[in-house]
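Participant: The structure's right below; bear with me while I get my questions together.
The values are calculated or read from the model by the stated rules, or taken from the named source; none is laboratory data. Computed from a prediction, not measured in an experiment: that's the story for all the values here. Here the Cβ positions follow ideal geometry from the backbone for every residue, glycine too, while neighbour counts run over all protein chains shown.
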């Protein structure tokens, strides 16, 4: 997709060990105009500059807390992905934006724009509601993003 | 003088008889008459052995008196057990002494009735035995402490629990056991503050770190005895119980994580299938079989040995689900290879996509098509080759579907393996290889 989207120009990292979920997250971010820095199921963090990352807490038998800590130390905005209750998450992370699996596209989009492209969050806020009004979302290409979910006919 | 003697004899609590040399009763005291329920007139002047229908005709008593006649001065504490008609069974300690008055061979016989005493002693011994066996049969660790908190006794369970010998414990202050291992502040609080005030406590939790047996969580019950300066302390080792409920909790969390992951996968497959479906029918025919395949993989994992699913089973079930049981056109390897949860889930989806492709465009879409699947493991690696043949003029598909993406990428992404898709003229060839086991993979099964 070459169209613009609310995440246009943002370099994002997806860390999720389940291939299907990772590719859906990645696809979704790309559909919103983001450039994928990497999509990985491993704990190695990308060294390159990032505008944001979506990180699953549980990678196989490992937990991704070390990676989360490194990214947070670098000031990279994070969305934490989890299949757990928030109560079983490490305590200092309960304040982080959390996306529960299985995730809602609309919720993911809202969080992604808010965190990874805060400067565009306000314009995004208005056209959020369902399908039909999406055309108002701005210059043509916005329809893809605001339409909310890669659900193209 | 005689009066004084009579008075003394009469006031003494023990039955006393004075016998003539021929065992005729010369004198008996009140205690005798009352104790043996016989009146004086039936006693005095009678031979001892004839008294009360001969109930004193006791062989042992005869023997004892006989001994005095052989010259002995006194026979002490001669134990006699006898059943008396009126008063039942009695146990007596008899002491007989020759009186050596001039011209007579009189004998003084003092009867000490110890029936009650012996019964009491027996009861006491019984109670003692009961408490000893009670202490030893109890599964909880039990410590009997003096009021100075010195160990008086420990039971076997306590010794087993804390790997200590009774001799190492008994006689020492409880805090000093095993190099002061037991000097635990909570235990001091319980024994020195709570117990003296309340005389008992239950389920008081104490945590100790013991050099030999590690960290322990103990629940203590204690009782201060009322009639003896002793304390009973019962100790239950709760460590295993706590660890068990902890691991239950972890397992539940793990289970929830898996369920959520499976749901998320189901969702992702749905989203991907929707993206590539032009109609609801198309969606249905692609999505539902994918769901079935995921479900079959779960079944195989559940029924497999040690939580592993057999690679061959996955291949066979996928082919069968696509209407292709092993027959002349399909040739399969036999070697069993166990796949872990993550491996099996990913592998099953890849095989599913390969089989679906074969039915739609490949070996199973044409009359002459054949399939051979071979696999092996070795050098830490599992390798599989899926070879379709017997086709003519095979061309690459016009668009790359979700299935192709799954086949090409998931093995590398999830299993750190490789996948090569080779579209030959006579059919598709797919080679997979991935490490036998992921290092830190596999969730606690």
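Participant: At least 1 residues that are closer than 30 Å to residue B:150 by Cβ, free of Cβ contacts under 8 Å to residues at least 60 places away in the same chain and touching a strand residue (DSSP E or B) at 6+ places or on another chain (Cβ under 7 Å) in each: list the helices (runs of 4 or more DSSP H) lying fully within segment B:230-344 that qualify.
Facilitator: Output list reads B:239-275.
Participant: Which ones in segment B:113-144 are touching a residue at least 60 places away in the same chain (Cβ under 8 Å) and more than 18 Å from the chain's Cα centre (by Cα)?
Facilitator: B:113, B:143, B:144
Participant: Which one of these does residue B:226 not meet: (1) assigned to a loop (DSSP other than H, G, I, E, B); (2) within 13 Å of another protein chain (Cβ to nearest Cβ)?
Facilitator: In the conditions (1) assigned to a loop (DSSP other than H, G, I, E, B); (2) within 13 Å of another protein chain (Cβ to nearest Cβ), residue B:226 misses (2) alone.
Participant: Counting only residues that are under 29 Å from residue B:122 (Cα atoms), give me the helices (runs of 4 or more DSSP H) lying completely in segment B:1-107 with at least 2 of them.
Facilitator: B:30-35, B:59-69
Participant: Look at residue B:225 and say whether it is farther than 17 Å from residue A:82 by Cα and in contact (Cβ under 8 Å) with a residue 12 or more places away in the chain.
Facilitator: Criteria not met by residue B:225.
Participant: Looking at segment A:84-102, which of the residues that are part of a loop (DSSP other than H, G, I, E, B) and modelled with pLDDT of 75 or more is surrounded by the most Cβ atoms within 10 Å (Cβ to Cβ)?
Facilitator: Among those residues, the one meeting the criterion is A:101.
Participant: Something else about it: Across segment B:312-350, what is the number of residues that are within 22 Å of residue B:285 (Cβ to Cβ) and at pLDDT below 90?
Facilitator: Of the residues in segment B:312-350, 3 are within 22 Å of residue B:285 (Cβ to Cβ) and at pLDDT below 90.
Participant: Looking at segment A:52-70, which of the residues that are part of a strand (DSSP E or B) and either more than 14 Å from chain B (Cβ to nearest Cβ) or out of contact with any helix residue (DSSP H, G or I) (no Cβ under 7 Å at 6 or more places or on another chain) (or both) is farthest from residue A:12 (Cα to Cα)?
Facilitator: So, considering only residues that are part of a strand (DSSP E or B) and either more than 14 Å from chain B (Cβ to nearest Cβ) or out of contact with any helix residue (DSSP H, G or I) (no Cβ under 7 Å at 6 or more places or on another chain) (or both), the one farthest from residue A:12 (Cα to Cα) is A:62.
Participant: Let me ask you something else. On the basis of being within 12 Å of another protein chain (Cβ to nearest Cβ), part of a helix (DSSP H, G or I) and surrounded by fewer than 23 Cβ atoms within 10 Å (Cβ to Cβ), does residue A:22 make the cut?
Facilitator: So residue A:22 does not fit the description; no.
Participant: Continuing with this model, one more query. Select from segment B:50-65 the residues that are surrounded by fewer than 16 Cβ atoms within 10 Å (Cβ to Cβ) and at pLDDT 85 or above and list them in ascending order.
Facilitator: Residues satisfying the conditions are B:50, B:57, B:59, B:60, B:62, B:63.
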